[in-house]
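Here is the structure we will look at.
Values quoted throughout were computed directly from the atomic coordinates according to the rules given, and no laboratory measurement underlies them. Being a predicted model, the structure only gives us computed values, none of them experimental. Note that we place each Cβ from the backbone using ideal geometry, even for glycine, and neighbour counts take in every protein chain shown.
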Amino acid sequence: MNNKSKIAIVICSTRPGRICKEISEWVMSIMESNQQLDLSFIDLLEINLPFLDEPKMPALGQYQHEHTKVWSALVKSYDGFVFVLPQYNWGYPAPLKNALDYLYVEWADKPALIVTYGNHGGGKAALQLQGVLQGLHMRNTPTNLELSFNNKMLRKDGAFNDIRSDFASYEQPLLRLSAELHTMLKGA
Ligand SMILES: Cc1cc2nc3c(=O)[nH]c(=O)nc-3n(C[C@H](O)[C@H](O)[C@H](O)COP(=O)(O)O)c2cc1C
């Protein structure tokens, strides 16, 4: 039997040419060393939800559309979440807000780690998201991970030259946060 906690690493940018996928893969590669976590990706690009189109309040859980039922079952199946997102105009990407707003009880009480990136780490996006997750009664880790990147780290095709060395200084902080997330799961 698998007693590991099931954690989704949520790829929150849906933009063509996004760097979010590569950063999320880096997050996975570091967190994988925590053997007690069963990690997998949720890619909001693949989930491809329309703008919220449920007539009833999500808190009632009375969903009309198949895409909402599928999304609900997927989110329900996880014990915790790592949201990986860029800062857009001092906020966080709209598809993430939309995906969050679709559901309610499915998120409640679950631990969440926020990983942002931007020229200065994306802290303003993290701050906004923290408030929203609190509104959904999720339990944020006490601190977030803010990754600073610049365009010199990227090749012409938009991929990182060497993400492992560019983000080497963030490995230990991510491992610490990963351990915190695990502790929060145990206390659930
Ligand atoms: C709509 C938009 C708004 C942005 N706003 C910010 C910002 O507020 N701060 C910042 O550091 N970078 C900002 N950027 C630059 C992003 O950090 C950069 O484009 C990054 O690659 C976005 O992540 P993604 O490629 O995974 O979508 C913005 C980019 C876009 C597309």
(message) Assuming 0.36 nm per residue, please report the length gained on full extension of the stretch ARG164 to LEU52 beyond their Cα-Cα distance.
(response) 36.6 nm
(request) Please tell me the relative contact order of the chain in percent, rounded to the nearest whole number, where contacts are Cα pairs under 8 Å and at least six residues apart. (result) 24 percent
(message) Loop-only trypsin sites (Lys or Arg not before Pro) in the range 9-96, please: DSSP not H, G, I, E or B, and at most 13 other Cβ atoms within 10 Å.
(response) LYS56
(message) Under 8 Å for C-alpha pairs, at least 6 residues apart: give me the relative contact order for the range 72-135, rounded to a whole percent.
(response) 44 percent
(request) Going by C-beta contacts inside 10 Å, put VAL115, VAL132 in order with the fewest on the left. (result) VAL132, VAL115
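Extension gain VAL70-LEU127, at 0.36 nm per residue separation less the Cα-Cα distance, in nm?
This chain segment gains 17.6 nm when fully extended.
In the chain, which longest range has no chymotrypsin sites (Phe, Trp or Tyr not before Pro) that are both DSSP loop (not H, G, I, E or B) and surrounded by at most 12 other Cβ atoms within 10 Å? If you can, show how the numbers build up before the last one.
Details: sites that count: PHE51, TRP90.
Counting at most 12 other Cβ atoms within 10 Å as exposed, the longest clean stretch of the chain is 91-188.
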(request) Kindly provide the trypsin sites (Lys or Arg not before Pro) of the range 107-188 that DSSP labels as loop, not H, G, I, E or B, and whose Cβ sees at most 12 other Cβ atoms within 10 Å. (result) ARG155, LYS156
(request) Could you pull out every one of the lysines with an alpha carbon less than 24 Å from that of LYS186, ignoring same-chain neighbours closer than 8 positions? (result) LYS4, LYS6, LYS76, LYS110
(request) Using only Cα atoms, find the angle between the long axis of helix 171-186 and the longest principal axis of the chain, and express it within 0 to 90 degrees, rounded to the nearest 10. (result) 20 degrees
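If each DSSP helix of 4+ residues adds -39,500 (n - 2.57) and the sum is divided by the residues in the chain, what number results at 222 nm, nearest 500 deg cm²/dmol?
Taken over the chain, the calculation gives -10500 deg cm²/dmol.
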(message) Residue by residue through the range 32-43, what is 3J(HN,Hα) from phi via Karplus (6.51 cos²θ - 1.76 cosθ + 1.60, θ = phi - 60°)? Round to whole Hz and write x for glycine and proline.
(response) 4, 5, 7, 5, 8, 9, 9, 9, 8, 8, 10, 9
